[in-house]
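Here the structure comes first, spelled out in structure tokens, and everything after it is commentary.
Only the coordinates and a few stated rules stand behind these numbers; no lab work does. All values derive from a computational prediction rather than experimental measurement. As a convention, Cβ positions derive from the backbone with ideal geometry for all residues, glycine included, and neighbour counts pool all protein chains shown.
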Amino acid sequence: MEIRFHIEYHHLITKEDIPPLSASWQNEIRVAIETKLTTHPDLYGKPLRRSIAGYRKLRVGDYRIIFRIEGRIVKILIIRHRSVVYKMVKKRI
């Protein structure tokens, strides 16, 4: 039997991160979250280091999803383009 993880989003994701994305990117990111992070977030997410140690990233094209696993809950912190995600993530920690 497969362990299912519950997804929790930071409150700014729906206000700032998702609206500027095109519908196709929104769909790709949604599918990646539903298929990978709800089933095996530890396998698909690569651990991050230094000031954001304890968090993981999931790559979806040029976008990055930064998240933390807490028990059976995956807390998504930010979804942004790879060029800005690491500069902006520290503001949300």
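When G61, G45 are checked against the criterion of being small (G, A, S) and at positive phi, a single residue qualifies: G61. From L48, L58, which residue is crowded, with 17+ Cβ neighbours inside 10 Å, free of Cβ contacts under 8 Å to residues at least 60 places away in the same chain and farther than 21 Å from H6 by Cβ? Within the list L48, L58, the selection yields L48.
Considering each of S83, S24 in turn, give the residue that is surrounded by fewer than 18 Cβ atoms within 10 Å (Cβ to Cβ), small (G, A, S), out of contact with any strand residue (DSSP E or B) (no Cβ under 8 Å at 6 or more places or on another chain) and assigned to a helix (DSSP H, G or I). That would be S24, the only listed residue that is surrounded by fewer than 18 Cβ atoms within 10 Å (Cβ to Cβ), small (G, A, S), out of contact with any strand residue (DSSP E or B) (no Cβ under 8 Å at 6 or more places or on another chain) and assigned to a helix (DSSP H, G or I).
Quick check on Y86: is it hydroxyl-bearing (S, T, Y) and touching a residue at least 24 places away in the same chain (Cβ under 8 Å)? Considered against the rule, which asks whether it is hydroxyl-bearing (S, T, Y) and touching a residue at least 24 places away in the same chain (Cβ under 8 Å), Y86 comes out as yes. Quick one: would you say I29 is within 18 Å of L12 (Cα to Cα), in contact (Cβ under 8 Å) with a residue 12 or more places away in the chain, within 13 Å of the chain's Cα centre (by Cα) and assigned to a helix (DSSP H, G or I)? Yes; evaluated as a whole, the condition is true for this residue.
L77 satisfies every condition listed in (1) over 12 Å from the mean Cα position of the chain (by Cα); (2) in contact (Cβ under 8 Å) with a residue 60 or more places away in the chain; (3) under 14 Å from I93 (Cβ atoms) except (1). Only one of K91, K75 is of a type in the set (D, E, K, R) and either under 14 Å from R4 (Cα atoms) or assigned to a strand (DSSP E or B) (or both); which? None of the others qualify; the one that does is K75.
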